[in-house]
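To start, the structure under review is shown below, and the notes come after it.
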């Protein structure tokens, strides 16, 4: 099927632009550096590397919760690579298994097992967000988000107040395929560049494609088609299927992507 051809004209210029943007933002903020959660995935690897290239303090936090071993290895190897290449990078491994276990033990029994399974996956992301902000407050750092454009503004594939709870989003204007191009430019370790994207919230090796039902190039194509109001009759059968997958996620996750609604009280009532 035809997909969006989003090849960057200059990955080097993109990297320089984002690095300058990060530098400018943190200097204006008066904060001391960045904290980044490292998952072993492409987005956190690219984000942390771009932050490191600013020369400002970067604190990398690995926060495994019942993590699949391959994800752990990739995260640890990326942190080692960062620390060997950038003197401004420090790190900490903060296992959250016991915190997660303690929380699950005090929850009441429920018959809604499928909903509970999803809720607990999102709980993992929120525990990590809480941990990131603990260290951010401790050192006066900013939490750098790792979301990309198709996840943040297309399908809403992130946890509200979890990995969506950040101070700034360096790569949120890049599609997933563009993040992979940037990773190549930044010489991110091969094991991360070659790994299938996963959110790492389930304790197994399921991929984002397993959860979404489509690849990122397919979703990027659907995002473009949706925004240009292309009509489904002209699509192939697979394109129709992917378009409906995108539309379903995009519409049901508007509550994540739109500002929190505020009830406006008439002035005469006040």
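The values are calculated or read from the model by the stated rules, or taken from the named source; none is laboratory data. On a predicted model such as this, the values are computed, not experimentally measured, just so you know. Glycine gets a Cβ as well: all are built from the backbone with ideal geometry, and neighbour counts include every protein chain shown.
When the residues of the range 68-90 are narrowed to those that are in contact with a strand residue (DSSP E or B) (Cβ under 6 Å, 6 or more places away or on another chain) and crowded, with 20+ Cβ neighbours inside 10 Å, which ends up nearest to residue 196 (Cα to Cα)?
By that ranking, first place goes to 75.
Let me spell it out: the conditions are (1) under 12 Å from residue 182 (Cβ atoms); (2) modelled with pLDDT of 95 or more, and residue 6 meets all of them except one. Which number is the exception?
(2)
Sort through 219, 174, 182, 142 and tell me the only one that's in contact with a strand residue (DSSP E or B) (Cβ under 7 Å, 6 or more places away or on another chain) and on the phi < 0 side of the Ramachandran plot.
On the way: 219 fails: in contact with a strand residue (DSSP E or B) (Cβ under 7 Å, 6 or more places away or on another chain); 174 fails: in contact with a strand residue (DSSP E or B) (Cβ under 7 Å, 6 or more places away or on another chain); 182 fails: in contact with a strand residue (DSSP E or B) (Cβ under 7 Å, 6 or more places away or on another chain).
Unique residue meeting the criteria: 142.
Can you tell me which residues in the range 16-67 are within 28 Å of residue 207 (Cβ to Cβ) and surrounded by fewer than 19 Cβ atoms within 10 Å (Cβ to Cβ)?
Selection gives 66 alone.
Is it fair to say residue 153 is surrounded by fewer than 21 Cβ atoms within 10 Å (Cβ to Cβ), touching a residue at least 60 places away in the same chain (Cβ under 8 Å), part of a helix (DSSP H, G or I) and touching a helix residue (DSSP H, G or I) at 6+ places or on another chain (Cβ under 7 Å)?
Taking the combined requirement at face value, the residue satisfies it.
Which residue is farthest from the chain's Cα centre (by Cα), if the candidates are limited to the range 161-188 and must be in a loop (DSSP other than H, G, I, E, B) and surrounded by fewer than 16 Cβ atoms within 10 Å (Cβ to Cβ)?
Per the stated criteria, the residue is 187.
Among the residues of the range 100-115, are any in contact with a helix residue (DSSP H, G or I) (Cβ under 7 Å, 6 or more places away or on another chain), outside any loop (DSSP other than H, G, I, E, B) and surrounded by fewer than 13 Cβ atoms within 10 Å (Cβ to Cβ)?
Taking every residue of the range 100-115 in turn, at least one turns out to be in contact with a helix residue (DSSP H, G or I) (Cβ under 7 Å, 6 or more places away or on another chain), outside any loop (DSSP other than H, G, I, E, B) and surrounded by fewer than 13 Cβ atoms within 10 Å (Cβ to Cβ).
Return the pair list, or none, for Cβ contacts closer than 8 Å from residues in the range 1-30 that are closer than 16 Å to residue 172 by Cβ to residues that are at pLDDT below 95 and in a loop (DSSP other than H, G, I, E, B), at least 6 apart or on different chains.
14/8
Here is a list of conditions, (1) surrounded by fewer than 15 Cβ atoms within 10 Å (Cβ to Cβ); (2) at pLDDT 95 or above; (3) closer than 28 Å to residue 242 by Cα, and residue 146 meets all of them except one; can you say which number that is?
(1)
Which members of the range 192-244 meet the condition of being assigned to a helix (DSSP H, G or I), out of contact with any helix residue (DSSP H, G or I) (no Cβ under 6 Å at 6 or more places or on another chain) and within 29 Å of residue 127 (Cβ to Cβ)?
208, 209, 210, 211, 212 - these are the residues of the range 192-244 that are assigned to a helix (DSSP H, G or I), out of contact with any helix residue (DSSP H, G or I) (no Cβ under 6 Å at 6 or more places or on another chain) and within 29 Å of residue 127 (Cβ to Cβ).
Answer with yes or no whether residue 197 is at pLDDT below 95 and buried (at least 18 other Cβ atoms within 10 Å of the Cβ).
When the stated conditions are applied, residue 197 passes them.
Please verify whether the range 92-99 includes one or more residues that are buried (at least 17 other Cβ atoms within 10 Å of the Cβ), closer than 27 Å to residue 173 by Cα and at pLDDT 95 or above.
Scanning the range 92-99, I find no residue that is buried (at least 17 other Cβ atoms within 10 Å of the Cβ), closer than 27 Å to residue 173 by Cα and at pLDDT 95 or above, so the answer is no.
Results for (1) exposed (fewer than 15 other Cβ atoms within 10 Å of the Cβ); (2) farther than 27 Å from residue 164 by Cα; (3) in contact with a strand residue (DSSP E or B) (Cβ under 8 Å, 6 or more places away or on another chain), shown as yes or no for each residue.
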| site | (1), (2), (3) |
| --- | --- |
| 242 | no, no, no |
| 249 | no, no, no |
| 255 | yes, no, no |
| 267 | yes, yes, no |
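Across the range 248-261, what is the number of residues that are farther than 16 Å from residue 158 by Cα and at pLDDT 95 or above?
The total comes to 0.
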